[in-house]
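Before any comments, here is the structure.
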């Protein structure tokens, strides 16, 4: 006899156990076991008062934001509608079947109140867990940047003189301060100067107008990240306006990686956008191998430099601080160029004009041949030599699929390529959450398999002990910045 289901609402649900309804190998079960979100309560306690209405548990709010990007749900409003339909979500959040799902506005209010620092703390903690599990070697890192479309259309862009655009930005900032809670605006790049000063987005003033690979120009941010060579763990993240050059963030990302992992960088792998003289110089000073592409190399035999003597054809004399050209003439030190941190060496115009090798030396019709010699020139040459080694080329081939794979995973699974919210501080929250989720997925898939687990565990224990001592001294004696003597 064929049975026919006759749905009927249950009067009581005393025997419903959500833990039994979620399968044992569900990813959220594994995440709940190994990730401790409870740190958030101490971190945000200062933002809540002692009287008034009781707020939603900050742990629940953080988990909701986690789910928003973990499953790439299109909006906070849609997330709140889905939670009541998903038993696994309700179990993960600690809700029962009859618990009321909060309004979506609690997420935006919490995000505005907490700031990006709370989500940065989550990201750093996840990096530490990956390191303790032996999934981070830390000595060889890959880095790259990727543009992210802001939540603003091209129709929101205003064009005008730089003076008008600067005044409009001031007006928008004043209006914003009236609507939002007053919080100090902080930036990690105080010397940032926008490249395009004649365009401005009314919808998102923090997102400059940037063109991507010859395509359209639109408001964009840029995500800079470091990926560890061992298992692809993201160890450093920084969010900037879209017109900030990737080469400008190399040293900052190295510093952040070393803080987050407590491991000194030995090798940096990057494309030729990072291979500038400043980066080569700084890496060599720090004892870091430069496996970056050489920005100068693709341009050496192009344009006005095609088929003429290169810098290697000129001989430098350290005793006299001069160069000797292939024709035997002397190039003397001239003016200093502060922006390039280099001196200009110039030959005599009279001897250069009558030189029989002039056609092979310069394209100038009346001027003499000039050379640049940077500060710490030998360091730069040695670092460039490292970038042309076979191991460097091999590392850059690996970087292509490792970095592009990291960005592609973020875009395909977690909504990376489009800003969920407006303004730079909210974009930072998005980037920290997405990077944390990617690392958590690596962690739950590889935990316990890393060859350096024991060593990293010892480093982690030492760091946790230092944190406890720092917290004790700060609370009872008022000490600040005590890591210098611990």
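Across segment 343-364, what is the total count of residues that are under 30 Å from residue 285 (Cβ atoms) and buried (at least 17 other Cβ atoms within 10 Å of the Cβ)?
3
Considering only segment 205-235, how many residues are in contact (Cβ under 8 Å) with a residue 12 or more places away in the chain, within 30 Å of residue 167 (Cα to Cα) and touching a strand residue (DSSP E or B) at 6+ places or on another chain (Cβ under 8 Å)?
Residues meeting the conditions: 14.
Looking only at residues in segment 409-442 that are free of Cβ contacts under 8 Å to residues at least 40 places away in the same chain and within 15 Å of the chain's Cα centre (by Cα), which one is nearest to residue 230 (Cα to Cα)?
Step by step, filter segment 409-442, then rank; the result is 410.
One line per residue, one yes/no per condition, for (1) in a strand (DSSP E or B); (2) assigned by TED's automatic domain parsing to the domain that holds residue 253; (3) at pLDDT 90 or above:
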position	(1), (2), (3)
287	no, yes, yes
312	no, no, no
320	no, no, yes
334	yes, no, no
350	no, no, no
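Can you pull out every residue in segment 80-94 that is without any contact (Cβ under 8 Å) to a residue 60 or more places away in the chain and more than 34 Å from the chain's Cα centre (by Cα)?
84, 85 - these are the residues of segment 80-94 that are without any contact (Cβ under 8 Å) to a residue 60 or more places away in the chain and more than 34 Å from the chain's Cα centre (by Cα).
If I filter segment 55-65 for residues that are in contact with a helix residue (DSSP H, G or I) (Cβ under 8 Å, 6 or more places away or on another chain), closer than 19 Å to residue 151 by Cβ and in a helix (DSSP H, G or I), do I get at least one hit?
Within segment 55-65, one or more residues are in contact with a helix residue (DSSP H, G or I) (Cβ under 8 Å, 6 or more places away or on another chain), closer than 19 Å to residue 151 by Cβ and in a helix (DSSP H, G or I).
Taking segment 127-145 as the region of interest, how many residues are out of contact with any strand residue (DSSP E or B) (no Cβ under 9 Å at 6 or more places or on another chain) and either in a helix (DSSP H, G or I) or not assigned by TED's automatic domain parsing to the domain that holds residue 407 (or both)?
Number satisfying all stated conditions: 3.
Go through (1) within 17 Å of residue 429 (Cβ to Cβ); (2) free of Cβ contacts under 8 Å to residues at least 24 places away in the same chain; (3) out of contact with any helix residue (DSSP H, G or I) (no Cβ under 6 Å at 6 or more places or on another chain) one by one and return the number of the condition residue 75 breaks.
The number of the failed condition is (2).
Would you mind stating whether residue 49 is on the phi < 0 side of the Ramachandran plot, exposed (fewer than 15 other Cβ atoms within 10 Å of the Cβ) and part of a helix (DSSP H, G or I)?
Here the answer is no, as residue 49 does not meet what is asked.
So which residues in segment 96-107 are surrounded by fewer than 18 Cβ atoms within 10 Å (Cβ to Cβ) and either touching a helix residue (DSSP H, G or I) at 6+ places or on another chain (Cβ under 7 Å) or assigned to a loop (DSSP other than H, G, I, E, B) (or both), if there are any at all?
96, 97, 98, 99, 100, 101, 102, 103, 104, 106
For residue 268, work out the one condition from (1) within 42 Å of the chain's Cα centre (by Cα); (2) without any contact (Cβ under 8 Å) to a residue 60 or more places away in the chain; (3) buried (at least 16 other Cβ atoms within 10 Å of the Cβ); (4) part of a strand (DSSP E or B) it doesn't fulfil.
Answer for residue 268: the failing condition is (2).
Please count how many residues of segment 95-121 are within 30 Å of residue 19 (Cβ to Cβ) and more than 15 Å from the chain's Cα centre (by Cα).
Final tally of qualifying residues: 17.
Could you say which residue among 36, 57 is at pLDDT 90 or above, surrounded by 12 or more Cβ atoms within 10 Å (Cβ to Cβ) and not assigned by TED's automatic domain parsing to the domain that holds residue 130?
One residue alone meets the criteria, 57.
Just name the residue that is surrounded by the fewest Cβ atoms within 10 Å (Cβ to Cβ) out of those in segment 242-265 that are in contact with a helix residue (DSSP H, G or I) (Cβ under 7 Å, 6 or more places away or on another chain) and farther than 18 Å from residue 132 by Cα.
Looking at the filtered set, the residue picked out is 251.
Residues of segment 365-378 being without any contact (Cβ under 8 Å) to a residue 40 or more places away in the chain, surrounded by 13 or more Cβ atoms within 10 Å (Cβ to Cβ) and assigned to a loop (DSSP other than H, G, I, E, B), which ones?
367, 368, listed by residue number.
The values are calculated or read from the model by the stated rules, or taken from the named source; none is laboratory data. If you're wondering where the values come from, they're calculated on a predicted model, not measured in any experiment. Virtual Cβ from ideal backbone geometry, glycine too; neighbours counted across all protein chains shown.
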